[in-house]
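Visitor: Have a look at this one before I ask anything.
The values are calculated or read from the model by the stated rules, or taken from the named source; none is laboratory data. Just so it is clear, the structure is predicted and the values come from calculations on it, not from any experiment. Glycine also receives a Cβ, built like all others from the backbone with ideal geometry; neighbour counts cover every protein chain displayed.
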Amino acid sequence: MTDQGPRYLNGVTKLTYVPGYGSEDNYVKIDDLIQKPFLKLAFLSTMIVDFPWLFTKLPNNRQIILAKDWDANSESQGLSGIPNTNYLIVHAPKAESGFGCFHAKLMLLIFDKWMRVVISSGNLIPQDWELCENVVFVQDFPSRDKSKEYNGLPEFAQTINDMLVKMGLKTHIIPRLPEYDYSKAKAVLIPSIPGTYKGMENIKKFGHGRICKAVKELCGEREDDLQLEVQSSSIGSLNKQFLNEFYRSARGLDPVSAQSRPRPKKGEVVPLPPITVVYPSRKVIDESKYDNPAKSSIASTICLFEQSYNKDTFPKEILRNCISKRDGLLMHSKFILAKYREDLNEAESDPVLDESQENIGGWYYCGSHNFSESALGKVTTSRETKELQIKINNWELGVLFPIYKKEEDYIPSEDHDKRDWFDDHSVPVPYVRPPPQYESDETPKLRQSNLLSLKYKLSQYTKKRELPNLMGPNEIYVI
């Protein structure tokens, strides 16, 4: 029996399939990604995992390397095996502060003559692949032609290699990476790795510093107005400082710390950048089409702390409601949608529709990063060296793509502002756009807790449980 061969050589972004909501052809299922009968070797990463469920998805006679989050009170950093199984467990280093979590979702699936790379927002639990909406980028890479000169790993594969090494892996799947041809790699990878990174070169390796580098290389430094829309299943303690810092990176402009900026004059109000944050109301959660146990389980992964929201510095006015296009579903996806504002009257009369910097109308990101400083990083000035530095608490991974304009983008029309530009450009946005404001009787879904760190009980190698009990007695908090 031979495998079906690579299906995603050009790379594609899709949403997860939920039974009863649309054709399987338009969405993606975890079984179709893994292709259990043909899998030779696999690396997977997740924050939380339901082992009994995962065991049914993967072969029991192939090595499986699994990186996951871990509890410092009961587990330890490093590599360990699950007795009597083919699983090697990886507990990557945590942030020195003790805050943050391992939140990256990566699959490296090795088949006979090719490798599949999957980067998603979904944990390795059934609710993330069967009940709620997550986003998945998948691309297949064929074996490299060994008769041609080898010049080392390109940036796409090197980023994966560096993440695996920092997780603590040395052998295992890492030596397999040079075997494949990455010349058609479609995405720019956006990693976050816990640590404090000094100097602009290092800042631009991780978090929103890496977004800055990617945007600058793809789109150039764009001083022109950029409209940002961020959809996140969890939101950190947002403030003007972080939003303006992130907005600079989103335009490809070098990050600047708050300490190095001129102080506002007395009475001067620092403006908010044009960023909209898409997050569901309590009403959307309550009216979602799940039974109560499943609804509670999914809702526990959607988090904005009440004490963060009630701070005077929290920009409540930028929040918009998150309503699924698939009526009644909740989502665990994370998107950043960026579109340059342009005056069509000043557009070229005979534009060249190519993949040049001049023809880029925006970009989008999807992956594991929630909208928080822990995930995307905070830029400050080092007290010791006075250098700029970025501090990151979480392990994260996402992908960023430029969006090239089409002919209709250059043609003024009455419905130009009414169309969903991202939908027109094949970005699989799961929520209704433009996202509506909360109704007068609605508030965002808030978590009443003083916890500012990850709190959960990770199920280990135990008997099969029903879906609503996956989290154990403690719920999940991600910031």
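Visitor: With region 309-403 as the region, which strands (runs of 3 or more DSSP E) entirely inside it contain at least 1 residues that are under 29 Å from Y17 (Cβ atoms) and at pLDDT 90 or above?
Guide: The strands (runs of 3 or more DSSP E) meeting that bar are 335-340, 360-367.
For every residue, the table says whether it meets (1) modelled with pLDDT of 95 or more; (2) outside the structural domain of Y87 (by TED's automatic domain parsing); (3) in a loop (DSSP other than H, G, I, E, B); (4) over 30 Å from W53 (Cβ atoms).
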{"residue": "Q139", "(1), (2), (3), (4)": "yes, no, no, no"}
{"residue": "E149", "(1), (2), (3), (4)": "no, no, yes, yes"}
{"residue": "Q158", "(1), (2), (3), (4)": "yes, no, no, yes"}
{"residue": "S183", "(1), (2), (3), (4)": "yes, no, yes, yes"}
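Visitor: Does region 52-71 contain any residue that is within 18 Å of L33 (Cα to Cα), assigned to a helix (DSSP H, G or I) and among the aromatic types (F, W, Y)?
Guide: yes
Visitor: Got a number for residues in region 1-25 being of a type in the set (S, T, N, Q), loosely packed, with under 11 Cβ neighbours inside 10 Å and either assigned to a helix (DSSP H, G or I) or touching a helix residue (DSSP H, G or I) at 6+ places or on another chain (Cβ under 9 Å) (or both)?
Guide: 2
Visitor: Return yes when R465 is part of a loop (DSSP other than H, G, I, E, B), exposed (fewer than 15 other Cβ atoms within 10 Å of the Cβ) and either among the small types (G, A, S) or modelled with pLDDT of 50 or more (or both) and no when it is not.
Guide: no
Visitor: Quick one: Q448 ticks every box in (1) touching a residue at least 40 places away in the same chain (Cβ under 8 Å); (2) surrounded by 12 or more Cβ atoms within 10 Å (Cβ to Cβ); (3) not aliphatic (A, V, I, L, M) except a single one, so which number is it?
Guide: Unmet for Q448, out of (1) touching a residue at least 40 places away in the same chain (Cβ under 8 Å); (2) surrounded by 12 or more Cβ atoms within 10 Å (Cβ to Cβ); (3) not aliphatic (A, V, I, L, M): (2).
Visitor: Quick one: T85 ticks every box in (1) within 28 Å of T171 (Cα to Cα); (2) modelled with pLDDT of 95 or more; (3) surrounded by 13 or more Cβ atoms within 10 Å (Cβ to Cβ) bar one, so which box is it?
Guide: All conditions are met except number (2).
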